[in-house]
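Trainee: Pasting a structure here, questions to come.
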Amino acid sequence: MGSVGGGELDRALRCLPSGFFVMTSAHDGKRAGLRLRSVQACADDPLLISVAARKGHKIDPLIRDSRSFAVCIMAGDDKLIERAFPFEKGIARSNSLSNGAYTGEVIEHDPFDALSYTTLSTGAPILERAIAVFDCEVVRRIDLEADHELFVGHVIAFRCVDDIDTVLPASA
């Protein structure tokens, strides 16, 4: 049995299903998105999906207040989405210099200002570039007592591109 951390763990984690996902939510004129590492179906009737999302991201209060979120499945090579939704806590920092040193000031920006999006049932932003989307109402929010929390969403609407079988990689 391997120890926690290191190369062996990294190799084992690569065996888990993963993809390029963006979780979005909106409430009271505000919207936010968070890039995720994995999403999974956790029930068939009704259709439920589970998402582990980093705590402290600005999407948290929007999901709490709207009781909804969307998961957008993105093409793995979408560099624009990678820049708009980094894996960090979602806080962009300035690279400007002040007296020869980086300021590191927080820049509040809305990545949806530069991206085409629409909505389905919940009002969460749906990225037009997504190859598939699940629009969900929150049925459970579970504090994992770690750096992430688990959201379980009831899928109330979905969408996928017509050629999804040619876009997604083949399953192992």
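Trainee: What does the charge count near Glu149 come to, summing +1 for each Lys or Arg and -1 for each Asp or Glu among other residues with Cβ under 13 Å from its Cβ?
Mentor: +1
Trainee: I've got another one for you. Considering only the other residues whose Cβ falls under 10 Å of the Cβ of Val138, what net charge follows from Lys and Arg at +1 and Asp and Glu at -1?
Mentor: So the surrounding residues net to +3.
Trainee: I've got another one for you. Amide H neighbours of Cys136 under 5 Å, at least 5 residues apart or on other chains, H built in the peptide plane: list them.
Mentor: HN-HN under 5 Å from Cys136: Phe69, Ala70, Val71, Ile156.
All of the numbers you see were taken from the coordinates with simple rules; none came from a lab. The shown structure was predicted, so the numbers you read here are calculated from the model rather than taken from an experiment. So basically every Cβ, Gly included, is an ideal-geometry build from the backbone, and we count neighbours across all protein chains shown.
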